[in-house]
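Notes follow the structure.
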Amino acid sequence: MFDPDKLKEKIAGFIKKPISFLKDETMLTDLVEESFALIEMLIELQEEFEVRFFVQEDLKNTKTLGDLVQLFESHATTSP
């Protein structure tokens, strides 16, 4: 079962910030300034949580940490 708090812990470790820094309304661009680093983080998180890889359309509307958590939740529940 998917645990949003575990996802936030992993993100906090990746960006080297305390988990208290992470709020659902936090913009992803505020977490990771470089797009390459954001993609790297997403790939690591997908592997860690064993979710199917996202398509560009999924990420197009993912702007905040809350959006990202919802995306992981929806993919985690549909993964085989």
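The values are calculated or read from the model by the stated rules, or taken from the named source; none is laboratory data. If you're wondering where the values come from, they're calculated on a predicted model, not measured in any experiment. Note: ideal-geometry Cβ built from the backbone for every residue, glycine included; neighbour counts use all protein chains shown. Side chains included, ligands, DNA and RNA excluded: accessible areas come from the protein's heavy atoms. Shrake-Rupley method; radii C 1.70, N 1.55, O 1.52, S 1.80 Å.
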Matching residues in region 12-38 (open to solvent by less than 90 Å² (accessible area, probe 1.4 Å) and under 15 Å from residue 62 (Cα atoms)) number 8
Residue 50 being at pLDDT below 90 and not basic (Lys, Arg)
yes
Taking residue 65, is it more than 18 Å from residue 4 (Cβ to Cβ) and either of a type in the set (A, V, I, L, M, F, W, C) or touching a residue at least 24 places away in the same chain (Cβ under 8 Å) (or both)?
no
Going through region 50-75 one residue at a time, which ones are of a type in the set (Phe, Trp, Tyr) and open to solvent by less than 40 Å² (accessible area, probe 1.4 Å)?
54, 72
